[in-house]
Every structure is written in structure tokens, then in C-alpha cells.
Amino acid sequence: MKNLVCGKNPVKEVFLAGKSIHKIYVIKTRRSAADATFLQQARRQGIPVREVDRTQMLALVGHEGHQGIAAVLAESGYRDLADIFQLAGEKNEPPLIAILDEIQDPHNLGAIIRSAEAFGFHGVVIPKDRSAGLSDTVAKTSAGALAHIPIVRVTNLARTLEELKEKGVWIAGAEQTAETDFYDSNFSGALAVVVGSEGRGLRRLIKENCDFLIKIPMYGKINSLNASVAAALLFAEARKQRQLLK
């Protein structure tokens, strides 16, 4: 089911973030005082809470990793580029944006969104085609981060990069064949960090639209990292450089 969020922490996070929840499903069972209080709060806000058995929950979500609770969101969850700039403005910071080029594994997408939010990025941009979209798996892997960071889905990623550059955002593409190490780059201004898929990296047109390319140096026998790990390293460096300027 679309717009479905499963798991105790992800469901509570979307609730606390004020997201519009259509209905909450819970398995009939004894529950902790904290869980009971949460469901009471949801009911007081007019959110229907429906009790189901384990078979019904499995049919609803399609897997066992639901922790006994699922929420159906009343909206798609996707936002606009303007929301990213608005969030940056509210924090009085230059925009810091993650751009994901064809990340197709939902676990990787969720993990990258989690890292982006943890390191204070203002938004994540993904392409509409050949990319994982928002789903229960992404929401669960993000550990609630989806409730706190705008996710923008665009039809033309290359055109979006051009639009960001027109707004004064520098585009840094992660490319293992690049000459410049990422910690030798300047990430302190308005910046978008572009991360490609593990299998093929950045597409040619996306690379051509980057202002500069950076790499993560490798010192062992393995010459590549999981996309979510690479993204976390890049995001951490961008945040570190900003903190040093404060």
C-alpha cells in the first residue's frame, strides 16, 4: 500500500511531526503504557485507530517487520524544491541538499535520508524514474527521518541541477575517478551533494552538470563503498565544515 509507514518509531515520528495520518492499524495485544498513551493521543486528534490480528496486518503491509503498528498517510509525502529553501531560510543557513542519482535499493535510500537528516541537510532530491520512491521500507530504514526532511521527486534531474545552480547552489558530484579528495573541497556555501548508484555511479549528463567532482580516497584492497556509507561520509564532511565556521 502506498503512503504506508510501519514500525513504532517511524509511526510516532510522523505523528509528532504533524503529518496528516489517515488511519493507524495496531495488532490486538497487550501493549506498554507508552504505546497505549500514544494511541490515546492519536485518537484525541481524531485519527482512527483500528485493531487487527496478525494475519490482517501481514496482508496490509506485506511483511513481518511492522512491530505491530502501521499508519496510512493522507498525502504522498513528496515536497517541492521551495520547501528545501524555506527550511534552510528558517535555520538561517545556506541550502545543503542531497541529490540521489538512481538509487534503486529502498534500504539504501532510507539510510541516506537518515544520514541527510542527521547531518542537518535541508532536503533530498530523487528522480521519478529508475529510482526507489517513498515506501514503507524507506520509511522504516530512515528511522523516522522522513518526518523531518523534505523529499523532492523530479522528472528531470539534470534540469533540476541547472535550476539549483541558477539559485546559487554549487553542485558537487561524488565520482571515484575524480582527482580531488572530498576533504580537500569547500563545502561551506550553498551546496548540493550528488551521489550515484553503486553499480554505475553518476550518469554522464549528471556529471556534466556538476560544478566539480570529488572522491572518497580508498586505502585498502576494496575500491568502493556502499552508496549509503559513501553518502554519510560526504554529508558528515559538509556539516563539519559548516560547524567550523560558526
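Beta-bridge orientation, the chain: approximately 25 percent antiparallel, per DSSP, counting only bridges with both partners inside.
With the chain treated as a Gaussian network of Cα nodes joined by springs under 10 Å, which of 89, 120, 110 yields the largest mean-square fluctuation? Fluctuation is largest for 89. Computed from phi, the 3J(HN,Hα) profile of region 140-151 under the Karplus parametrisation 6.51, -1.76, 1.60 (θ = phi - 60°) reads 5, 5, 6, 6, x, 5, 4, 6, 10, 9, x, 10 Hz, with x in place of Gly and Pro. With both labels modelled 7 Å from their Cα along Cα-to-Cβ, the residue 179 to residue 58 distance reads 5.9 nm. Against the set (i) 13.0; (ii) 14.8; (iii) 12.4, the structure's computed mean projected area of the Cα convex hull in nm² falls on (ii). When the Cα positions of 225, 209, 110 are compared along the charge dipole of region 88-246, 110 comes out farthest toward the positive end, with charges on each C-beta of Lys, Arg, Asp and Glu. Short to long, the 5 Å bins of the Cα pair-distance histogram for region 4-73 hold 3, 17, 34, 27, 15, 4 percent of all pairs.
Rounded to whole numbers, the Karplus 3J(HN,Hα) couplings from phi for region 205-210 are 5, 5, 4, 5, 8, 7 Hz, using 6.51 cos²θ - 1.76 cosθ + 1.60 with θ = phi - 60°, and x at Gly and Pro. Spatial offset of region 125-152 relative to region 170-246 amounts to 20 Å, using the alpha carbon center of each.
Distant-in-sequence amide contacts of residue 99, defined by a placed amide H-H separation under 5 Å and a gap of 5 or more residues or a different chain, comprise 125, 193, 194, 195. Per residue, the Cα convex hull of region 95-237 amounts to 101 Å³. Residues in region 183-199 carry Karplus couplings, in order, of 7, 9, 9, 9, 10, 7, x, 4, 9, 10, 9, 9, 10, x, 6, 5, x Hz; the curve used is 6.51 cos²θ - 1.76 cosθ + 1.60 with θ = phi - 60°, and Gly or Pro positions show x. Put a plus charge on the Cβ of each Lys and Arg, a minus charge on the Cβ of each Asp and Glu, and nothing anywhere else: the dipole of region 4-73 about its Cα centre is then about 200 debye. For the chain, the relative contact order works out to 21 percent when only alpha carbon pairs closer than 8 Å and six or more residues apart are counted. Peptide packing: for 222-229, 167-174, the average count of neighbouring Cβ atoms within 10 Å per residue gives the ranking 167-174, 222-229, highest mean first. Dipole magnitude for region 81-244: about 200 debye, using +1 per Lys or Arg Cβ and -1 per Asp or Glu Cβ, origin at the Cα centre.
Within the listed set 87, 205, 157, the residue fluctuating most in the Gaussian network model of the chain (springs between alpha-carbon atoms under 10 angstrom) is 205.
Rule-based calculations on the coordinates, nothing more; no lab input. These figures come from a predicted structure and were not determined experimentally. Quick reminder, even Gly has a Cβ in these numbers, built from the backbone with ideal geometry, and neighbours come from all protein chains shown.
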